[in-house]
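Below is one structure, written out as structure tokens, with a few remarks after it.
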Amino acid sequence: MEQYSQIASFFRGLKPLERITVSQWSDRYRFLAPISSAEPGRYRTSRTPYLRAIMDCLSVHDSHRKVVFVKAAQIGGTEAGSNFVGYCMHIAPGPIMMVQPTDDMVKRLSKGRIDPLIENCPELKRRVSPSKSRDSSNTINQKSFTGGVLILTGANSAAGLRSVPIRYLVLDEVDAYPQDLDGEGSPIDLAIARTRTFPNHKIFMLSTPTIDGMSAIDREFLETDQNYYHVPCPFCGGMQQLVFSNLKWEEGHPESVRYQCEHCGELISERYKVDMLAAGEWVPSCPDKVSSDVIGFHLNSLYSPYGWHSWEQIVRDFLAAKDNQSKLKVFVNTTLGQTWVERGEAPPFRNLYNRREHYRANTVPDDVCFLTAGVDVQRDRLELEIVGWCADKRSYSIDYRVLEGDTAATKVWDDLADVVGERWARSDGMEFPIRLMAVDTGYNTTHVYDFCRRFPPDKVIPIKGQDHLGVSFAPPKSVDVTRSGKRIGSLRLYNIGVSFLKCELYSCLRLEKDSNDVPPPNYCHFPEYDEHYFRGLTAEEQVVKIVRGFPRLQWVKRYERNEPLDCRIYARAAAAVLGLDRLSPARLVKLGGATKKEPRRRAARQDYDSFDDFWN
């Protein structure tokens with residue numbers, strides 16, 4: 001019997017490969033499970049017809065060795081990768097590797113997509129070793145099957161990327177990979193090196209793009225013929241690429257959205273999209289780069305099948321994000337499938353100087369909700385700015401001060417404590433305190449900690465700048481305060497995203513008032529400061545530099561004194577901590593703490609070891 005089985009296996013090995021494409025295999029053999037799909041049942045390429053050409057380029061008889069896919073969300077890209085894996089396991093077995101950004105994502109992929117892929121496909125289930133507690137051939141990171149093995153690994157694991165020679169490689173979400181893995185180079189290059197021994201290898205690289213100049217998938221795509229999906233207008237038949245700028249809607253009514261044909265100008269309802277996608281075709285935008293070896297595709301969420309991510313939802317997402325740089329970045333990346341251009345180029349300081357306003361410094365305009373302060377620490381001085389924030393995130397510079405004195409001594413910190421206790425008057429006689437002061441810990445850290453401990457943690461906070469942080473601030477972490485090597489207390493230290501906040505500030509500084517002299521949300525108001533302030537506010541510029549062979553965004557000074565820029569982003573971080581980005585306008589108004597004019601009092605000198613000590 002065993003001999004008969006060996007003979008049968010021998011003759012099966014002589015059987016030629018079934019000439020079938022990935023899309024045909026998917027339609028014939030693939031079943032979607034409820035655990036991994038909103039539309040369980042038999043897979044239908046006709047639901048996402050734009051994926052047919054992408055998947056077919058991954059077929060073993062196709063000449064292309066590398067397929068690059070720049071994708072938005074909700075278009076079926078991950079399922080295309082799963083189809084390719086299932087096709088290889090069944091039709092042309094060989095060693096396969098799927099690379100995810102992290103090991104945690106590998107576990108989610110294995111349990112949420114690969115296991116259901118195998119379990120719901122009889123052709124795969126009988127080829128894959130059964131999962132047993134004592135059998136190491138079918139684990140979270142490895143699936144052995146007849147004729148090959150599927151290896152799942154994270155891009156943060158150098159050992160996993162060095163494992164075995166690979167014929168089929170899927171690199172998923174490559175823009176989330178580390179640029180340099182343990183000093184060994186790019187994980188993308190390490191993984192691709194595994195395919196060199198297979199002249200008939202296939203590489204499928206897909207990702208949502210991130211930052212312009214830093215995006216790995218964008219760099220790869222620009223080296224290809226750059227295919228975009230063109231669909232016909234149901235009225236004139238003109239072929240065109242779907243772009244966000246051609247979505248038209250009535251103001252305040254996203255449900256009225258239509259797509260305007262670039263040829264005849266007709267407004268197209270989304271109900272036509274099913275037929276439009278079915279009749280679409282990929283068109284290379286760089287025909288001079290057409291190659292039989294490498295091909296690239298780009299797709300945004302406007303192509304998402306009817307009933308998935310609708311045009312109406314895209315408009316609603318845009319309206320919710322357009323006034324928030326962080327949300328707008330996510331929209332551009334995940335919905336438009338485009339790289340985000342960091343506006344790290346400083347606006348001309350002269351423009352800001354010329355648009356100064358005639359409100360009096362050290363007074364609070366009527367539309368200000370609350371005040372924050374940002375403090376930059378130098379060896380011989382403290383520089384600080386008091387900023388007023390409005391409900392629509394507009395800001396007023398209330399005052400900018402330089403407190404001279406050795407920051408390793410006590411007097412200058414006493415002067416700053418007096419500022420904490422000050423109040424600023426509004427025209428109706430009400431007075432505003434500083435709602436929250438943020439003090440940088442980058443210099444004379446111990447003295448900064450000592451100062452912050454004089455006040456409750458909802459009044460003064462220590463902060464530390466982090467270039468890599470992609471948000472305004474991260475949740476605070478407790479740090480020990482020591483003196484002479486002994487712990488004397490603790491503080492909550494906030495890490496703030498200085499690069500993110502600088503890009504946001506420069507975007508705000510570029511805003512202009514409309515023809516009726518009405519400022520838009522996020523607009524920055526300034527009193528009649530001198531040129532030095534505005535030069536310092538625009539002192540830095542973000543550039544791409546090559547560091548150890550990899551592109552990195554870095555901030556460089558164009559003007560030596562950048563303290564006004566630092567103070568402003570520290571004050572902005574304090575506003576974010578208070579809730580400027582998440583609270584409603586009505587809630588923001590209540591943050592001010594305005595009171596009637598009363599005699600000035602010197603700030604208390606009580607030390608607080610923790611938040612609980614303050615309230616007790």
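Computed from the coordinates by the stated procedures, all read-outs in this text should not be read as laboratory data. Because the structure is a prediction, the values reported are computed rather than measured. Note that we place each Cβ from the backbone using ideal geometry, even for glycine, and neighbour counts take in every protein chain shown.
In this structure, the amide hydrogen of residue 489, modeled 1.01 Å from its nitrogen in the peptide plane, lies closer than 5 angstrom to those of 481, counting only residues at least 5 positions away or on a different chain.
Which whole-number value in Å³ per residue fits the convex hull of the alpha carbons of region 432-541? Don't jump to the answer; show the numbers that get you there.
On the way: hull volume 17.6 nm³, N = 110.
Here the figure is 160 Å³ per residue.
Counting other C-beta atoms within 10 Å, and keeping those with at most 16, which DSSP coil GluC sites (Glu not before Pro) do you find in region 108-201?
Working: sites: 119, 123, 173, 184; in loops: 173, 184.
Here the GluC sites (Glu not before Pro) that fit, given the DSSP loop and packing criteria, are 184.
Straight-line cross-link partners of residue 111 among the lysines, defined as a Cα under 21 Å from its Cα and at least 8 positions apart when in the same chain: 125, 132, 143. Of 363, 224, 146, the sequence from fewest to most neighbouring Cβ atoms within 10 angstrom is 146, 363, 224.
Computed on the Cα atoms alone, the convex hull of region 240-327 gives a volume of 145 cubic angstrom per residue.
Counting beta carbons within 10 Å around each of 403, 511, 588, 384 and listing the fewest first gives the order 511, 403, 588, 384.
Applying a DSSP loop filter and a limit of 13 other Cβ atoms within 10 Å to the GluC sites (Glu not before Pro) in region 223-256 leaves 251. Residue exposure proxy: 222, 578, 169, ordered by other Cβ atoms within 10 angstrom of their Cβ from fewest to most, comes out as 222, 578, 169. Among the cysteines of the chain, those with no neighbouring cysteine Cβ under 4.7 Å are 57, 88, 121, 286, 369, 390, 452, 503, 508, 524, 567.
Packing here is the average count of other Cβ atoms within 10 Å per residue, and on that basis the peptides 561-569, 291-299, 37-45, highest first, run 561-569, 291-299, 37-45. Can you give the translational diffusion coefficient of region 114-241 in µm²/s, computed by Stokes-Einstein from the Kirkwood radius over Cα pairs at 37 °C and 0.692 mPa s? Diffusion coefficient, whole number: 188 µm²/s.
Past the 19 Å Cα-Cα mark, which pairs from 71/329; 393/477; 329/513; 393/464; 66/289? Flagged as over cut-off: 393/477; 329/513; 393/464. Of all DSSP-defined beta bridges confined to the chain, some 55% are antiparallel rather than parallel. Normalised by 2.2 N^0.38 Å, where N counts its residues, the alpha-carbon radius of gyration of the chain equals 1.17.
Computed from the alpha carbon positions, the gyration tensor of region 259-304 leads to an equivalent ellipsoid with semi-axes of 27, 13, 9 Å, biggest first.
Please report the antiparallel percentage of DSSP beta bridges with both residues in region 126-282, rounded to the nearest 5.
Details: 16 of 21 bridges.
Antiparallel bridges: around 75 percent, rounded to the nearest 5.
The phi torsions of region 205-212, fed into the Karplus equation with coefficients 6.51, -1.76 and 1.60 and a -60° offset, translate into couplings of 10, 9, 5, 7, x, 10, 8, 4 Hz, rounded to whole numbers, with Gly and Pro shown as x. From the largest down, region 303-355 spans 50, 20, 15 angstrom on the principal axes of its Cα atoms.
Can you tell me the FRET efficiency between residue 443 and residue 531 if r is taken as the Cβ-Cβ distance and R0 is 25 Å, rounded to the nearest 0.05?
Numbers: r = 26 Å, r/R0 = 1.03.
Calculated value: 0.45.
Each label point was placed 7 Å from the Cα along the Cα-to-Cβ direction; for residue 380 and residue 223 their separation is 5.2 nm. Taken along the Cα-to-beta-carbon direction at a fixed 7 Å, the label points for residue 139 and residue 248 span 6.0 nm. Between residue 28 and residue 313, the FRET efficiency from the beta-carbon distance, with R0 = 30 Å, is close to 0.40.
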